[in-house]
Each structure stands twice: as C-alpha cells, then as structure tokens.
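Structure first, commentary second.
The values are calculated or read from the model by the stated rules, or taken from the named source; none is laboratory data. As the structure is a prediction and not an experimental result, all values here were calculated from the model. Note that we place each Cβ from the backbone using ideal geometry, even for glycine, and neighbour counts take in every protein chain shown. Quick note on the areas: whole protein, heavy atoms, side chains included, nothing else; ligands and nucleic acids left out. Shrake-Rupley method; radii C 1.70, N 1.55, O 1.52, S 1.80 Å.
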Amino acid sequence: YVIDEPGAKYFDQVKQIFGFVHRVAPRLKRLLTYGYGASRPIEPGKPVYAELAGYVDIHVPHTDCVEPIYLDQRRKAGEEIWAYVCISAQSPYLNIWGVDYPGTDPRVLFWQFHRERITGFLYWAITYWEKNPWEDPLTYPGGNSDGSMLYPGESGPVDSLRWETTRDGIEDYDYLALASQWAEKLRAAGNTALAAQLDAVCDVEDVTRSWTEYTRDPAVVLAHRRKLGEALSKAALALGETGP
C-alpha cells in the first residue's frame, strides 16, 4: 500500500512502483485504493482504474466507485476485491463514521459487502483526534466524526455506538459467509433441502438491494439475523459442526 487514491495522472508512477514491487517480491500483494480521480467517469466495464489491470492484486474502491463488471473480471483472475468508506461515502451511500447518520447504517454496510462479494474492508483511521471529538464532532472537514470511531478517555479509548454497530455488521457478514459455505457442504452431502434454506437466508433483499437501496428499520435487520441463526443451527446439527 504505497500510495493512496492516486488520480489518473499518477497511473504511470503507480505502474512503475507496483511493477518494481512485483519484480523484487512477486508473492507480495499490491493494494490500491480507488477514489474519484481514479474512477470518474465510470463507463460500464471500463472504469478509469481499468488502466491498472495487472498491476494491482487487491482492488479497494470507495463504495461509490465500485464498477462491478470490471471488478468481477479481476475477481475471476484471482485478485481480491475489497471496498472502503471515508468522507466520500455519504448518503445515499452507507458509512460507519457518520455520528449523525441512522444507527443501522454501519451494520447494513456489511450486508452490502456480502451481497456484492466484497471480501475485505479498509477504513483510514479510528482515533483521528486533531481536535477534541467530545467538543466538536467535525473531526474531518465535511464529515462529522470521520476518522474518530473512538473517543479519548482518562484511562484509554472510549467506545462509540458506531464502533459497536460496526462490530455487529461484521458478525452479520460472518453469519452470511458461513451460511454460504455450509450450503455448499450440504449440497455436496446430498441435503439439498437444507442447503436451499441456507440459500434463502443469504438472499438479503429485505435488508439491502444495492449500494443505495436498503432498510433503516432495525426490526428488519434483527429479524433476518434471527432467521440466519436458526438456519445455521439446523445446518450445524446436520453437518456435525460446532454451532455458530
């Protein structure tokens, strides 16, 4: 991770640096974040960052810079697709940092990651205390509490509700990933009925349908999470696995 959010005018330098890294350490994965300067305008299948094909092993676009056709090609080539949020991910896109956003947003974001087959998450800072976040939430220009997921305390960092709901979202992602894995195991074992039940709970359209379409009703999220847990408990018994 040698450069952050390079614009298109820096792509030649990115190729030079990443080409060098690959020559001297071919097993070292090269990660690059894609912001607006590397993605706009986005044509279907042809984002600006497509020029870097072959130079990047872990692609990390903003959630509002994801171009699914090209990134799916890179996924099929064996590369990793992550995503990240920062000041750019503002409504109608979800983020984890917005202290004045609905509390469901950080949690539902990770349901979107599973739906879009995103396997990694990057966030730039959790203790960006250039000013006192207890007194002024605008810790980064243009975004209340961006970079400040925790607060300074007398005996160490103080938790935030945003941090807690981010954890909940990651655990939801783990449930969904486990359900997908166990569905494949059940199919291989011939238990197609139970596999179909797991497939059904992995359909999260009641929670989110796209990066900009999602529920903000916590009851919907919790109800689906319960269905996930019940289906996984059944699958654990069938597979002889330790329960989730």
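For beta carbons closer than 9 Å, sequence separation of 6+ or different chains, a first residue in region 1-23 that is closer than 18 Å to G35 by Cβ and a second that is part of a helix (DSSP H, G or I) and polar (S, T, N, Q), the qualifying pairs are I3/Q13; P6/Q13. Taking only pairs six or more apart or across chains, which ones have beta-carbon atoms under 6 Å, a first residue in region 44-64 that is open to solvent by 40 Å² or more (accessible area, probe 1.4 Å), and a second residue that is in a helix (DSSP H, G or I)? Here the result reads P44/I69; E51/F11; Y55/K15; Y55/F18, each pair linking region 44-64 to a residue that is in a helix (DSSP H, G or I).
Would you call V221 in contact (Cβ under 8 Å) with a residue 40 or more places away in the chain, open to solvent by less than 30 Å² (accessible area, probe 1.4 Å) and part of a helix (DSSP H, G or I)? Lay out the reasoning, then the answer.
Values: in contact (Cβ under 8 Å) with a residue 40 or more places away in the chain: yes; open to solvent by less than 30 Å² (accessible area, probe 1.4 Å): yes; part of a helix (DSSP H, G or I): yes.
Yes: the conditions hold for V221.
Go through region 28-134 and tell me which strands (runs of 3 or more DSSP E), entirely inside it, have 3 or more residues that are hydrophobic (A, V, I, L, M, F, W, C).
Ranges flagged: 80-84.
Taking (1) over 29 Å from L176 (Cα atoms); (2) surrounded by 19 or more Cβ atoms within 10 Å (Cβ to Cβ); (3) touching a residue at least 24 places away in the same chain (Cβ under 8 Å) in turn, P133 satisfies each apart from (3). Tell me whether region 11-27 contains one or more residues that are in a helix (DSSP H, G or I), surrounded by fewer than 13 Cβ atoms within 10 Å (Cβ to Cβ) and of a type in the set (D, E). The answer is yes; a qualifying residue exists.
Going through W129, W82, W111 one at a time, which residue ends up being farther than 17 Å from D4 by Cβ and either at pLDDT 95 or above or among the β-branched types (V, I, T) (or both)?
Numbers: W129 fails: either at pLDDT 95 or above or among the β-branched types (V, I, T) (or both); W82 fails: farther than 17 Å from D4 by Cβ.
Result: W111 is the single residue among W129, W82, W111 that is farther than 17 Å from D4 by Cβ and either at pLDDT 95 or above or among the β-branched types (V, I, T) (or both).
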